[in-house]
Amino acid sequence: RFGDRDRDRGDRDRDDRDSRAPRGLRERQINVTAREPWTDTGIDVRPGQEIYFKADGEVRWGPNRRDGAAGERNSPRNPARPLPDRNAAALIGRVGERGDPFFIGDEQSPLRMRGSGRLYLGINDDFFGDNTGALRVVVAY
């Protein structure tokens, strides 16, 4: 079920009633490592499709810097990050290998996809060499 911490990896039919995501959706658990700019979810989306995200875990992305999916609140603008004006180290996504990034953070409300193609997830950072940790993201689609 959406948010169940003991699930193994893979797709599943949704069958719980306590989640924000409606019944009947598929789920896939994705490990988004802080050392890679983008992680291929293996999920193809279409325009207008509503996708739900639930993330847990923590990334360490610099000296004395560690955050969950919401990223660093009130982080300064950094034009080198994929989303310069959004929280550093936050969970972000994009559709297609060259699609525009969008903010996910720790939001659990549905996000409506604007394009079609493969869904990628990443961390809003500009340097990945000093990063460790990962976010475990359950995607309901």
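See the values below:
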item	result
For the chain, radius of gyration divided by Kirkwood radius, i.e. Rg to Rh on alpha-carbons	0.96
Carbon + sulfur, % of accessible area of the chain - ligands and nucleic acids excluded, 1.4 Å	40 percent
Sequence-distant residues sharing a close amide H with GLY57 (under 5 Å, placed H)	ARG136
Residue-normalised accessible area of the chain, expressed per residue, 1.4 Å probe, Å²	55 Å²
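The values are calculated or read from the model by the stated rules, or taken from the named source; none is laboratory data. Source: prediction; values computed, not measured. Heads up: the accessible areas ignore ligands, DNA and RNA and are worked out on the full protein's heavy atoms, side chains in. Shrake-Rupley method; radii C 1.70, N 1.55, O 1.52, S 1.80 Å.
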